[in-house]
Amino acid sequence: MIDLSTLVVFLTACLVLLITPGPAVLYIVTRSLDGGPSAGVAATLGVATGTLCHVIAAALGLSTLLITSALAFNMVKYLGAAYLLFLGIRAFTATETNQPSAVAAAKTLGRIWVEGVMLQLLNPKVALFLFALLPQFVDPARGTPALQIFVFGVILLSLGIITDGTYALGSGVARRWLRHPKFVRGQRRLAGGMLIGLGIAAALSDSSNR
């Protein structure tokens, strides 16, 4: 269904974009450094789930709402900015805790997954990016456009899991050598400050440039 040359160009574009760190990657790295590889993987899967929702919306044409409605765009943008600020403040003010039990750890991973989903869902730029990128590779002569958009979206999602998972595992492994309390506190405050900065930047970004 997909022309080979088109697929190569699409994969190249996706990889260039995916390896560029953004709010999702920062969140994944932060969780990996804080909770180890399992926490990073949970964050990765949460972000991937949120991306999948955007892909389905793009395939169904629901993302058009964010393109045509300034009110809808701004509502999602400010909700996303508020969520980034919430995550940043919580990371910045976090205190040391004892090693969690297996049950508590499972609940923590579930919470991290939910946070990853929400972080991605509340980022309207993801929907705009998918809406702008995916149709560029659609060929009406090769099948239903909606199905092609979904297939390209799933390919992008799969690559994202690989790249984000690499960030998660790499950060989680590095954490073993970077567990000094002073470093942990500094890392959390740095990550929290960066998330707060991203939230402020998202809130102040000009929606007319979308």
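The values are calculated or read from the model by the stated rules, or taken from the named source; none is laboratory data. Computed from a predicted model, the values in this text were never measured in an experiment. All Cβ positions, glycine included, derive from the backbone under ideal geometry; neighbour counts span all protein chains shown.
Let me confirm something: among Leu169, Leu156, Leu134, which residue is more than 17 Å from the chain's Cα centre (by Cα) and either of a type outside the set (Gly, Ala, Ser) or at pLDDT below 75 (or both)? Steps first, answer last, please.
Numbers: Leu169 fails: more than 17 Å from the chain's Cα centre (by Cα); Leu156 fails: more than 17 Å from the chain's Cα centre (by Cα).
After ruling out the rest, the residue left standing is Leu134.
Give the residues of region 29-63 that are more than 14 Å from Thr166 (Cα to Cα) and of a type in the set (Ser, Thr, Tyr), sorted by residue number.
Result: Thr49, Thr51, Ser63.
Grab the helices (runs of 4 or more DSSP H) fully contained in region 1-60, keeping just those with 2 or more residues being modelled with pLDDT of 90 or more.
Values: elements: 4-18, 23-35, 37-60.
Answer list for region 1-60: 37-60.
For Ala94, are the conditions met, namely being at pLDDT 65 or above and not in a helix (DSSP H, G or I)?
It is true that Ala94 is at pLDDT 65 or above and not in a helix (DSSP H, G or I).
Take region 8-55 and flag every residue that is touching a residue at least 12 places away in the same chain (Cβ under 8 Å) and over 16 Å from the mean Cα position of the chain (by Cα).
Hits for region 8-55 are Val9, Phe10, Leu11, Ala13, Leu33, Asp34, Gly35, Gly36, Pro37, Ser38.
Can you find, within region 4-20, the residue that is farthest from Leu87 (Cα to Cα) among those that are surrounded by fewer than 13 Cβ atoms within 10 Å (Cβ to Cβ) and not aliphatic (A, V, I, L, M)?
Ser5
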